[in-house]
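What follows is a short report on a single structure.
The values are calculated or read from the model by the stated rules, or taken from the named source; none is laboratory data. Source: prediction; values computed, not measured. Ideal geometry is used to build each Cβ from the backbone, glycine not excepted, and the neighbour counts take in all protein chains shown. Calculation scope for accessible area: heavy atoms of the full protein, side chains included, ligands and nucleic acids excluded. Shrake-Rupley method; radii C 1.70, N 1.55, O 1.52, S 1.80 Å.
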Amino acid sequence: MYIFFQWESEESPAMSPVQENSRWPRVSKFTLSACAATVAELVTFPLDLTKTRLQIQGEGGSRQHGGSVQPPKYRGMLSTAMGIVREEGPLKLWQGVTPAIYRHIVYSGGRMLAYEQLRESVLGRSENGIFPVWKAVIGSMISGALGQFIASPTDLVKVQMQMEGRRRLEGKPPRVHGVYHAFTKIIAEGGIRGLWAGWVPNVQRAALVNLGDLMTYDTVKHFLLRNTSIPDNSICHGLASICSGLVAAIMGTPADVVKTRVMNQPRDSNGRGLLYKSSTDCLVQSVRKEGFFSLYKGFLPTWFRMAPWSLTFWLTFEQMRRAMGISSF
């Protein structure tokens, strides 16, 4: 418990937020980020499942049945969600939530810790205490890419588990029966490298999403604090998180579509994809066969998920920091 409660004595000199935060062990900040991300993931996971189903719908490998092209089964976010509840049961909206939580423990904990270290130590603030936008861009993309590369195996398992309900409705045998089975099956088919299938679009998406999320939140929040009368409270955090969720959805959806399709495609005995040779090939095929806006399939559920996810995460994260005696992010 010592790592969480290092209270400053009354005789200690006052310290700036940067100095104060530097006293806290990195494991404490990692834990707080992971806990806040877990709360946000549980609240918004049904929207992530809906988004994934919409993104897979219409790709070449899943539309062929008996030599003919089937029309899209779902035509919108609400239709997709209601279809899942009606055909598979309401609890299926949380199918794959376990690896999703595992992923965010690694991903969100890692990206938040990395960004804060880059901001306070490596890149550094300017003399007036402001973290310039160009540094925020670099820091957010690096931290997002690093966190996602480490967490990519859990993301692969999450995507595959999310699609099991649809496979059963199509009369196909299940590919995986749980988190452990999914990991072992992926390793058996593609080796350790198979756990990082689709990692390139995965990391690209994470870098773009974090550019929208972390950079926007950090910049908007401190802009409001410097230029308005809004105090450092939940209103400020909520406004900044709404902006960050929108920008993250706009920047991350195309890479998210490519990532989902590459991860979900069937593979041969050597672990090579049968539909796409690479993320670039997936991008080109999607645009050529379905048009540019196929890259924004699932944008509304992505945004509708990112907005409450960002709001839930940042409000929870900031309140947890305050409760633990750590200054605001």
### Query
Taking only pairs six or more apart or across chains, which ones have beta-carbon atoms under 7 Å, a first residue in the stretch 194-212 that is over 14 Å from R261 (Cβ atoms), and a second residue that is at pLDDT below 85 and not in a helix (DSSP H, G or I)?
G194/G271
### Message
If I filter the stretch 257-274 for residues that are polar (S, T, N, Q), open to solvent by 40 Å² or more (accessible area, probe 1.4 Å), outside any helix (DSSP H, G or I) and within 30 Å of F131 (Cβ to Cβ), do I get at least one hit?
### Response
no
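What residue, among those in the stretch 91-130 that are of a type in the set (S, T, N, Q) and in a helix (DSSP H, G or I), is surrounded by the fewest Cβ atoms within 10 Å (Cβ to Cβ)?
Among them, the one singled out is S121.
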### Message
One residue is enough: does the stretch 187-207 have a residue meeting the conditions at positive phi and either surrounded by fewer than 20 Cβ atoms within 10 Å (Cβ to Cβ) or in a helix (DSSP H, G or I) (or both)?
### Response
yes
## Note on the structure
Only unsatisfied item for V133, checking (1) over 30 Å from R321 (Cα atoms); (2) open to solvent by 30 Å² or more (accessible area, probe 1.4 Å), is (1)
### Message
Exactly one condition in (1) modelled with pLDDT under 90; (2) over 24 Å from A114 (Cβ atoms); (3) open to solvent by 20 Å² or more (accessible area, probe 1.4 Å); (4) under 24 Å from the mean Cα position of the chain (by Cα) is false for I235; which is it?
### Response
(1)
### Task
Give just the number: which of (1) open to solvent by less than 60 Å² (accessible area, probe 1.4 Å); (2) at pLDDT 75 or above does V18 not satisfy?
(2)
### Query
Is one or more of the residues making up the stretch 34-46 outside any loop (DSSP other than H, G, I, E, B) and either at pLDDT below 50 or among the acidic types (D, E) (or both)?
yes
### Query
If you check every pair at least six apart or on different chains, which have Cβ atoms under 8 Å apart with a residue in the stretch 228-249 that is farther than 20 Å from S327 by Cα and free of Cβ contacts under 8 Å to residues at least 60 places away in the same chain first and a residue that is open to solvent by 10 Å² or more (accessible area, probe 1.4 Å) and among the aromatic types (F, W, Y) second?
A249/F299; A249/W303
### Task
Mind telling me which of the residues K135, K158 ends up being basic (K, R) and at pLDDT 90 or above?
K135
#### Entry: The one condition in (1) open to solvent by 30 Å² or more (accessible area, probe 1.4 Å); (2) farther than 15 Å from V159 by Cβ; (3) in a helix (DSSP H, G or I) that F183 fails to fulfil
(2)
### Query
Assuming R86 fulfils every condition listed in (1) among the basic types (K, R); (2) surrounded by fewer than 22 Cβ atoms within 10 Å (Cβ to Cβ); (3) touching a Lys or Arg at 6+ places or on another chain (Cβ under 9 Å) apart from one, which condition is it?
(3)
### Task
Would you check if L49 is open to solvent by less than 50 Å² (accessible area, probe 1.4 Å), modelled with pLDDT under 85 and aliphatic (A, V, I, L, M)?
yes
## Note on the structure
Counted residues in the stretch 275-314 being closer than 30 Å to H237 by Cα, in contact (Cβ under 8 Å) with a residue 60 or more places away in the chain and open to solvent by 50 Å² or more (accessible area, probe 1.4 Å) come to 4
### Task
Looking only at the stretch 316-327, decide whether some residue is more than 22 Å from L113 (Cα to Cα) and touching a Leu at 6+ places or on another chain (Cβ under 9 Å).
no
